[in-house]
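Novice: Before we start, here is the structure in question, set down as structure tokens.
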Amino acid sequence: MVAIDDTFQPGRGGGRSGGRPDPADRAQLERAPVSWRRVAGLFRPHRMQLATVMALIVASSTVALATPFLVRLVIDDAIPAQDVPLLAWAVAGMVAVTAVTAVLGVLQTWLSTTVGQHVMHGLRTSVFTHLQRQSLGFFTRTKGGEVQSRLTNDIGGMQSVVTTTATSFAANATTVIGTVIAMVALSWRLSLLSLIVLPPAIWLTRKVARMRRTITAQRQRHLADLHSQVEEGLSVSGVLLGKTLGAGPAQSARFATTSDDLVGLEVRSQLAGRWRMATMSIVFAGIPALIYLAAGLPATSGGMTIGTLVAFTTLQGALFRPLMGLLDIGVSLTASMALFSRVFEYLDLPVDIDDPASPVPLGDGRAGGIRGEVRFSHVGFRYADGHRDALADVDLAVPAGATLALVGETGSGKSTLASLVARLNDPTTGRVTIDGVDVRDVALADLARTVGVVAQETYLLHGTIAENLRHAKPGATDAELVEAARRAQVHEVIAALPDGYDTVVGARGHRFSGGEKQRLAIARTLLRDPRVLVLDEATSALDNGTERAVQAALDEASRGRTTITIAHRLSTVRNADLIAVLSGGRVVEQGTHEELLALGGRYAALAGAAERQAVLAVAAAE
């Protein structure tokens, strides 16, 4: 009796059946074709292991074909003649064939999996490293889930090229060719009958499999929707949003609808699977029945022995599944090549902001030799998908150790201008220099050590406080952590926690208040001791009392450093050495606080509005 394995593995690159490639895979390959030479290049360092795998597959398939002939020997010769030694040798041969094929199968699996994992490791690290070099614009245009899917699911599915697609093709081809030769050697008449019956049987099973694949694809899409709803509705941010907007009932109703749709699809999928099993059972039972009928008819038996008949039916039963596998190889190859196409798309992304070919050292390569003078020389910037300039002809000079404050309405270009110093973006026109060196000529690692950024949106890793701080300086001592936290006015908060610096901050730091997260981010930046500080509204999330304390710490930390502050509250920049007022991407005013007030222009208007807002806030509090 032949066992029927109806396991179905939905998803890209593995185990599909049904005869037709997924339209999404075809579309992917049409959009981004993949050359076989490039794919082969990934496996070229492992060609000896791959050759060994193929040799093991051929050997295993060839050895397995000996079993039916041993069965015929037992039935036709050993048992009728009561030849005990021959029977013992034949039975021992059957056991030996099983043992040899099992050992060869283990070796083949070990080698192919090892090769696949090494190729996946190389791709994973290459894609991860390449994506880290992409500009912020790439990540603002791309869904985070899409990046993770390509890095994990797609690369993971590629292993099927070695462990499933290539090896199954070699194994199935060897088995089919060897089995057909053996069948013809046993009985050409029965072989002809099998070849006539097989095509309609294969057509029937593939039609049922195609129907099941369509239903399963719908089920997988609904499952993906269900998982998305779980992630969106049961994450910390999702629960908070649902509670504040009163969207809980609507989310529950949407989840219930998707879950109810899955009920019907699951029933249809199971029925389709049962139909497939029933169809294959009919095929596996029908073909041997016809063979027995032909063997019993004088016109077609040709004097066939019982042993030959049993051996033939054994071979015929082993032929159907590898033949189906060969017919489905086109689907597997299309799915596998689509995975390579998706990953190569990311590897082929141009790097907008990259290390210069010949980096120029800052301060003659010495950290202590960097003065920190920053100059914006006729800087202009336009986003790739923008219709207007975000910055235009900005010309500013910030002496070493001085403080520049950038003020203006939302969208005036403050954050964009500050981002150019750390090369989060590159200017479209003009240049940004530190100590006279264009930042585009500085190695990115050197620039990261020179320029520290505290962003408006604080991001904390899901780890301990100490791990988050050491993310900026992995070799920092405990004393350095404490010193940085003290200067950021957050040490007392940490010390009051039961686990102190070993406290886990939680997902995105949700267990801390906005002000505490901001101060942790400030401490993390101060730990690097950068020569240039960029504070992108770093105190915007703090209350007045905490803001004053942190501002005092920042003032102290800024001594001897060049500091560029994007001001949310004008009260924090009164003492800046230079204040630049931006509007529409242009510097419309610049000077000290007193000079700008005396001008009575835009800065004076902003200061007046801020003062009126503060008065109203005090009145409301009273």
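The values are calculated or read from the model by the stated rules, or taken from the named source; none is laboratory data. These numbers were taken from a predicted model, which means no experiment stands behind them. In this analysis, Cβ positions are derived from the backbone assuming ideal geometry, glycine residues included, and neighbour counts consider all displayed protein chains. Keep in mind that these areas ignore ligands, DNA and RNA; they rest on the heavy atoms of the full protein, side chains included. Shrake-Rupley method; radii C 1.70, N 1.55, O 1.52, S 1.80 Å.
Novice: May I ask for the distance between the Cα centers of segment 390-424 and segment 23-83, given as a whole number of Å?
Specialist: 63
Novice: Right, something else. Take every Cα pair under 8 Å in segment 45-159 that's 6+ residues apart, average their separations, divide by the length, and report that relative contact order as a whole percent.
Specialist: After rounding, I find 32 percent.
Novice: Along segment 148-154, what does the Karplus equation 6.51 cos²θ - 1.76 cosθ + 1.60 (θ = phi - 60°) give for ³J(HN,Hα), rounded to whole Hz, x for Gly and Pro?
Specialist: 5, 5, 5, 6, 10, 5, 5
Novice: Here's something else I'd like to know. Tell me, what ³J(HN,Hα) does each residue in segment 45-57 have, in order and in whole Hz, if you take phi through Karplus 6.51 cos²θ - 1.76 cosθ + 1.60 with θ = phi - 60° and put x for Gly and Pro?
Specialist: x, 10, 5, 5, 5, 5, 4, 5, 4, 5, 5, 5, 5
Novice: Amide H of His462: which non-local residues (sequence gap of 5 or more, or other chain) have their own amide H closer than 5 Å, using H built in the peptide plane?
Specialist: Result for His462 returns Arg508.
Novice: While we're here: Give me the percent of the accessible area of segment 411-519 that comes from carbon and sulfur atoms, probe 1.4 Å, all protein chains in place.
Specialist: Solvent-exposed carbon and sulfur of segment 411-519 make up 51 percent of the total.
Novice: Give me log10 I(q)/I(0) at q = 0.20, 0.27, 0.30 Å⁻¹ for segment 426-483, Debye formula, one equal scatterer per alpha-carbon, no solvent.
Specialist: So the normalised log intensities are -0.90, -1.15, -1.26.
Novice: Please give the net charge around Ala422, taking every other residue with its beta carbon less than 13 angstrom from that of Ala422, where Lys and Arg add +1 and Asp and Glu add -1.
Specialist: For residues surrounding Ala422, the net value is +2.
Novice: FRET efficiency for Gln148 and Val351, Cβ-Cβ distance as r, R0 = 22 Å, nearest 0.05?
Specialist: 0.60
Novice: In addition: How much length would be gained if the chain were fully extended between Ala40 and His118, taking 0.36 nm per residue of separation minus their Cα-Cα distance, in nm to one decimal?
Specialist: 26.7 nm
Novice: If R0 is 35 Å, what FRET efficiency do you get for Asn575 and Glu480 from their C-beta distance, rounded to 0.05?
Specialist: The computed FRET efficiency comes out at 0.80.
Novice: Order 99-111, 65-77 from most to least packed using the mean count of other Cβ atoms within 10 Å.
Specialist: Ranking, from highest mean packing down: 65-77, 99-111.
Novice: I've got another one for you. Quick one: compute the contact order of segment 345-435, relative version, from alpha carbon pairs under 8 angstrom and 6+ residues apart, as a percent.
Specialist: After rounding, I find 35 percent.
Novice: Then there is this: If the only charges are +1 at each Lys and Arg Cβ and -1 at each Asp and Glu Cβ, what is the size of the charge dipole of segment 428-489 around the Cα centre, to the nearest 20 debye?
Specialist: With Lys and Arg at +1 and Asp and Glu at -1, about 80 debye.
Novice: Please report, for the Cα atoms of segment 52-175, the Rg to one decimal and the Dmax as a whole number; what are they, in angstrom?
Specialist: Just the Cα atoms of segment 52-175 yield Rg and Dmax of 23.9, 83 Å.
Novice: Hey, another quick one. How much length, in nm to one decimal, is gained on full extension between Ser228 and Thr52, taken as 0.36 nm per residue of separation minus their Cα-Cα distance?
Specialist: Stretched out fully, the Ser228 to Thr52 stretch lengthens by 59.0 nm.
Novice: Let me ask another. How many Å² of accessible area per residue for segment 89-144, probe 1.4 Å?
Specialist: It amounts to 59 Å² per residue over segment 89-144.
Novice: Starting from the Cα of Ala448, step 7 Å toward the Cβ, then list every residue of segment 513-532 with an amide N under 19 Å from that point.
Specialist: Output list for this probe position: 521-532.
Novice: Once the Cα gyration tensor of segment 75-114 is diagonalised, what are the square roots of 5 times its eigenvalues, in whole Å and ordered largest first, as equivalent ellipsoid semi-axes?
Specialist: Result for segment 75-114: semi-axes of 34, 7, 4 Å.
Novice: Here is a follow-up. What distance in nm separates the simple spin-label points at Trp203 and Asp438, each placed 7 Å from Cα in the Cβ direction?
Specialist: That separation, rounded to one decimal, is 6.9 nm.
Novice: Enumerate the amide H contacts of Ala443 below 5 Å, restricted to partners 5 or more residues apart or on another chain; note that Pro and chain-start residues carry no placed amide H.
Specialist: Amide H neighbours of Ala443: Val360.
Novice: Express in % the proportion of alpha carbon pairs of segment 476-519 at distances exceeding 17 Å.
Specialist: 29
Novice: Taking H placed 1.01 Å from N in the peptide plane, check which residues at least 5 places from Gly430 or on another chain put their amide H under 5 Å from its amide H.
Specialist: Gly380
Novice: Contour minus end-to-end for Ala397 and His593, with contour as 0.36 nm per residue of separation and end-to-end as the Cα-Cα distance?
Specialist: Value of the extension gain: 68.9 nm.
Novice: Ile196 versus Lys473, label points 7 Å from Cα toward the beta carbon: distance in nm?
Specialist: Result: 8.7 nm between the two label points.
Novice: Tell me the volume per residue, in Å³, of the convex hull enclosing the alpha carbons of segment 364-459.
Specialist: Dividing the Cα hull volume of segment 364-459 by its residues yields 121 Å³.
Novice: Calculate I(q)/I(0) for segment 440-526 by the Debye formula, one identical point scatterer on each C-alpha and no solvent, and give its log10 at q = 0.11, 0.12, 0.19, 0.26 Å⁻¹ to two decimals.
Specialist: -0.29, -0.34, -0.81, -1.43
Novice: For segment 343-359, just list the computed ³J(HN,Hα) in residue order, Karplus coefficients 6.51, -1.76 and 1.60, θ = phi - 60°, integers in Hz, with x standing in for Gly and Pro.
Specialist: Residue by residue, segment 343-359 yields 6, 5, 4, 6, 5, 8, 4, x, 8, 5, 10, 10, 5, x, 5, 10, x Hz.
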